[in-house]
1. To the nearest 20 debye, what charge dipole does the chain have about its Cα centre, counting +1 at the Cβ of each Lys and Arg and -1 at the Cβ of each Asp and Glu?
2. Once the Cα gyration tensor of the chain is diagonalised, what are the square roots of 5 times its eigenvalues, in whole Å and ordered largest first, as equivalent ellipsoid semi-axes?
3. With a point put 7 Å past each Cα toward its Cβ, work out how far residue 42 is from residue 4 in nm, to one decimal.
4. Run down the aspartates and glutamates and flag those whose C-alpha is under 15 Å from the C-alpha of residue 47, throwing out any fewer than 8 positions away in its chain.
5. Residue 50 versus residue 66, label points 7 Å from Cα toward the beta carbon: distance in nm?
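A short reminder: the numbers here are calculations on the coordinates, not readings from a lab. All of these numbers come straight from a predicted model, not from anything done at the bench. Reconstructed Cβ throughout: ideal geometry from the backbone, glycine too, with neighbour counts over all protein chains shown.
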Amino acid sequence: MSVFPNPADGELNIEIDETTLKVKDGLLAGFEIHLYNNSNELVYSKKEVRNKLTIPVKQLPNGIYHLHFLHPTGSQVRHVIIQH
């Protein structure tokens, strides 16, 4: 899974490879993605994300954000910096 650029200015790109999407027996499942600001407020959310996603961040203030990936096989958190 790739999250770029970091720091981000106008948009944040997410690429998820097919291996990460596999659940079992070759079945694929999408991710839920949630972006929280440093005050733990939800600023963006998307369900059933597969392969690629672009999140517009131009309207978000500068700061550190927490990108949560939720999948049937587990979850991950990545830290992202928004800097204009």
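1. Dipole about the Cα centre, nearest 20: 80 debye.
2. Equivalent-ellipsoid dimensions as semi-axes: 24, 13, 10 Å.
3. Calculated label separation equals 3.0 nm.
4. Within reach: 15, 32.
5. My value for the distance between the label points is 3.0 nm.
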